[in-house]
1. Any idea which of Glu113, Glu133 is among the charged types (D, E, K, R), out of contact with any Lys or Arg (no Cβ under 9 Å at 6 or more places or on another chain) and closer than 26 Å to Leu320 by Cα?
2. Looking at the structure I just gave you, is Arg170 touching a Phe, Trp or Tyr at 6+ places or on another chain (Cβ under 8 Å) and either among the hydrophobic types (A, V, I, L, M, F, W, C) or more than 11 Å from ligand 2 (Cβ to nearest atom) (or both)?
3. Can you tell me how many residues in region 91-112 are within 15 Å of ligand 1 (Cβ to nearest atom) and either of a type in the set (D, E, K, R) or closer than 16 Å to Leu173 by Cα (or both)?
4. Is region 248-271 home to any residue that is over 24 Å from Ser122 (Cα atoms), within 12 Å of ligand 2 (Cβ to nearest atom) and under 22 Å from the mean Cα position of the chain (by Cα)?
5. Please work out if Ile180 is near ligand 2 (Cβ under 10 Å from one of its atoms), in contact with a Leu (Cβ under 9 Å, 6 or more places away or on another chain) and in contact (Cβ under 8 Å) with a residue 60 or more places away in the chain.
6. How about region 113-128: which of its residues are within 14 Å of ligand 1 (Cβ to nearest atom) and touching a helix residue (DSSP H, G or I) at 6+ places or on another chain (Cβ under 8 Å)?
7. Run down Ile116, Ile120, Ile195 and say which single residue is more than 14 Å from the chain's Cα centre (by Cα) and closer than 25 Å to Glu19 by Cβ.
8. Just to be sure before I move on: is Lys307 in a loop (DSSP other than H, G, I, E, B), more than 10 Å from ligand 2 (Cβ to nearest atom), modelled with pLDDT of 95 or more and within 22 Å of Ile260 (Cα to Cα) in the structure I sent?
Amino acid sequence: MSILVTGGLGYIGSHTVVELINNNFDVIIVDDLSNSEKFILDNIEEITGKRPIFYPFDLRRKELLTQVFDAHHIEGCINFAASKAVGESMTEPLKYYENNLFSLINVLQEFRERNISNFIFSSSCTVYGQADEMPIDENTPLKEAESSYGKTKQMGEDILKDFSRAYQKRVTLLRYFNPIGAHPTALLGELPAGIPNNLVPYVTQTAAGIREKLSVWGDDYPTEDGTAIRDYIYVVDLAKAHVAALKKLMHSNEETVLDIYNLGTGKGSSVLEVVKAFELANGVPVPYQICPRREGDITVAYANADKAERELGWKSETTLEEALKTTWEWQKYLKDRNN
Ligand code: NAD
Ligand code: WQD
């Protein structure tokens, strides 16, 4: 079973590639290294004992993608490749629409032309905006996305709904909440380019002394400690959900499938709870200061992931502290690597 994994050297993609190989799938990665590094391929091989086939090119180069489909009998795709920096998407919206949508459409064209089904799309809890009620299940109404990045996820979902219906394809949309953590071997993890925007990479770099202090964006939210609440899901748990979703699609007797799953823990944690959990898990201090709210941030988002448990037999297994330990081990690995 050859599975195309676009963006397979990225953060979530690389962890998923490991789980796919562990489940005996043959993996073909296309990644242009725009937000990842080649050594991740060596590390995947070190973990699994198998080196996936790797093509380093930009998915917008349709002619190169066609050659990959000519060369392999591809039976499914997990599509991670996208630009994902929310702030940058507001100043460079065209980059986001172009990269995230053209890359997606190019793969879908190959699927249509070659009569391939089984497509999994990386969507995001961002499609819900600030939902009126918690927890968020798959029937929670979508609100207009706050960022151009978020809009590319909503548009991607719409494209895939039409694609599935019009061409009788099996498609799964996975809406991730906030992925965190690293591989237990400390050989894979998140590689934030420049100054991190996301909470856990910033906390980690602050603990490592790379950043002086964490800015906690707002302590006047209507939550218990005043800081905003999210659902932090361990990346290896998240990776396993992809394998479960892929198996379900491949074993389906239906020609046309459009499944949607929230992937989260079902538990919300505040910014200060994350800071405390990191300090406790790793025994290192995380200096912070309270700052005004960050524009565009919502107060609270956590998942109801019961549908994934019911239909995929998947649920999050790792605690926040355990996940934050792996992040710290990864940070130490990166430090050793750079010395
Ligand atoms: P990432 O940046 O680590 O991985 C994406 C990978 O895709 C990178 O390796 C990058 O080099 C590659 N890529 C980007 N554009 C490409 C192109 N045109 N051609 C070939 N390769 C390309 O990001 P991630 O955190 O692993 O996220 C994976 C997916 O999950 C993305 O679609 C992202 O939007 C989505 N997502 C991420 C989060 C999160 O917080 N990390 C949350 C929800 C959804
Ligand atoms: C979490 C909380 C911040 C950094 C983003 C994307 C979303 C999805 C997940 C892809 C918030 C606070 C953060 C810092 C802080 N990604 N914070 N100081 O905003 O929930 O979602 O990632 O699809 O689309 O928008 O995640 O990690 O940026 O922030 O206080 O230095 O931590 O205000 O409350 P977010 P995040």
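1. Step by step, each of Glu113, Glu133 is checked, and only Glu133 is among the charged types (D, E, K, R), out of contact with any Lys or Arg (no Cβ under 9 Å at 6 or more places or on another chain) and closer than 26 Å to Leu320 by Cα.
2. Answer is yes for this residue.
3. Count: 10.
4. The answer is yes, given that some residue of region 248-271 is over 24 Å from Ser122 (Cα atoms), within 12 Å of ligand 2 (Cβ to nearest atom) and under 22 Å from the mean Cα position of the chain (by Cα).
5. Yes.
6. Within region 113-128, Phe119, Ile120, Phe121, Ser122, Ser123, Ser124, Thr126, Val127 meet the criteria.
7. One residue alone meets the criteria, Ile116.
8. No; evaluated as a whole, the condition is false for this residue.
The values are calculated or read from the model by the stated rules, or taken from the named source; none is laboratory data. This one's a predicted model, so the numbers in the text were calculated from it and none came from an experiment. Cβ atoms come from the backbone with ideal geometry, glycine included; neighbour counts cover every protein chain shown.
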